[in-house]
Every structure is written in C-alpha cells, then in structure tokens.
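Read the structure below first, then the notes.
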Amino acid sequence: MDAATWDLIRHNLEPMLVATVTKTLPLTAISFVVGLVLALFVALARMSSVRVVAAVARFYISVIRGTPLLVQLFIVFYALPELNIVIDPFPAAVIAFSLNVGGYAAEVIRAAILSVDRGQWEASEALGLSYPQTLRLIVLPQAARIAVPPLSNTLISLVKDTSLASTILVTELLRVAQLAAAPTFDFFALYGVAALYYWIICLVLGFAQTRVETRLARHLAG
C-alpha cells in the first residue's frame, strides 16, 4: 500500500472506532437483550399446552429461521412504510435483529429448559411453588448454565450480522468504512480495518465466553 492509503487508514481509524462504540456495540447489546427476552416468551409459548399458542410460536420460529436476515431488515425498513409505518434506521435495525435473535434463541432456551430434570418440576409442585416461581427460582437458573455456550455463539454471530445494518443506512462500522473508501476506491484497505475491528470484538467475546463457561463448570462441579 502506498503512503496515501496509509494516510487514509490513519484518518479513519478514529471515525471507525467511534462508529463501533456508538452504533455497532449498542446495536448488538440492545438487540441481544431484547431478543433474549422475546426468546424466553416464545420458548415458553412453544412449550404451552394451549395448541394455538404453541402453533403461533412454532410459526414465528419457522418464519425467522426460514428467511434471510437481510430480507427481514428490508421488510422492517423498506416495506413497512408502504403500510404507513416509518421507522428510523437504527430502531429498524434493532427490531429486525431482535426478532431474529428471538427466533433462534427461543429454541436454545426451550432445549435448555427441557433438559432440566422433570423431578425438579415435581419437587417444586410438592413444595407448593407456582409455575412462575418454579421457573424463576428452580428451572431457569439451571437452564441458564446449559444455554450459555450456544447463546454466546448467537451473540458473536450478531456482532458480525450488524454489518448488514449498513444496507438500511445505519452509520455503523461497515457503513463508515464504505463512505470513507468511496471517494478513492480504497475498499480493500478500509474493509480490512473494519474486519479487524469485528475480529477484535469477537475475540473479546470469545474470551469472555470461555471465562463464563469455566466459572459455570466449577460451580456445577462444586
């Protein structure tokens, strides 16, 4: 790379970092938290004895898992305005990513809940605990330990998926790289920097995942 390219990289390191801190990371965090809450309700609905409720949950999961995330983004941002529902880019991205996380994480949470021994439910019932109390105090804490690894992988995937928000004009990391590279066509250099930022974030999350899993393993061993 020539000197001009290195200058371009140096001048855009800070703007790309700012976009990462102010848009990419908040978009990831908000979407993941909202998606997890949604996933919990969908998982419980999927396990419901009420057929209609379970069917609606299955349909939601099927649609989310059976359609591309990019299409979901486009529907929220570009298609909904045809129904007079106009959403700004960042909230639209949060909605689409949250719905996507909810569909995938719901099955993870459901499987984790089902893995808890049935005797735990029966013992709780014998103690007079209600269904919500059993979930909150007995089942979900145990299911959480099982769900941590796959949910951590979902979070890491979400970090990378946020790059798709650039297609609906969210000025996150990739969007800043695109705008900076456009005048000079130095896409390789700036996209490489963007990839480095994503990689570092995923490395940090992977390290955190390992630490959490190690602590959970020690807790279970104890």
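The values are calculated or read from the model by the stated rules, or taken from the named source; none is laboratory data. Keep in mind it's a predicted model, so treat the numbers as computed, not measured. No Cβ is skipped: glycine too gets one built from the backbone with ideal geometry, and neighbour counts run over all protein chains shown.
For every residue, the table says whether it meets (1) modelled with pLDDT under 95; (2) part of a helix (DSSP H, G or I); (3) in contact with a helix residue (DSSP H, G or I) (Cβ under 8 Å, 6 or more places away or on another chain).
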position: SER124; (1), (2), (3): yes, yes, yes
position: VAL139; (1), (2), (3): yes, yes, yes
position: ILE146; (1), (2), (3): yes, yes, yes
position: LEU158; (1), (2), (3): no, yes, yes
position: ALA165; (1), (2), (3): no, yes, yes
position: THR171; (1), (2), (3): yes, no, yes
position: PHE185; (1), (2), (3): yes, no, no
position: ALA194; (1), (2), (3): no, yes, yes
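Does ALA45 fit the bill of being small (Gly, Ala, Ser), part of a helix (DSSP H, G or I), at pLDDT 95 or above and touching a Leu at 6+ places or on another chain (Cβ under 7 Å)? No: the conditions fail for ALA45. Please identify the pairs in which a residue from the stretch 3-20 that is in contact (Cβ under 8 Å) with a residue 40 or more places away in the chain has its Cβ atom under 7 Å from the Cβ atom of a residue that is polar (S, T, N, Q), counting only partners at least 6 apart or on another chain. What qualifies is LEU8/THR184; ALA19/THR171.
Restricting THR5, THR22, THR28 to residues that are under 27 Å from ALA181 (Cβ atoms), over 23 Å from the mean Cα position of the chain (by Cα) and in a helix (DSSP H, G or I) narrows the list to THR5.
Screening the stretch 54-76 for residues that are more than 18 Å from LEU40 (Cβ to Cβ) and β-branched (Val, Ile, Thr) and picking the one that is surrounded by the most Cβ atoms within 10 Å (Cβ to Cβ) gives VAL76. In the stretch 66-118, the qualifying residues are those that are among the acidic types (Asp, Glu) and part of a helix (DSSP H, G or I), and the one that is nearest to LEU27 (Cα to Cα) is GLU107.
Set side by side, the residues LEU174, LEU169, LEU151 differ, and just one is in contact (Cβ under 8 Å) with a residue 60 or more places away in the chain, of a type in the set (A, V, I, L, M) and surrounded by 15 or more Cβ atoms within 10 Å (Cβ to Cβ), which is LEU151.
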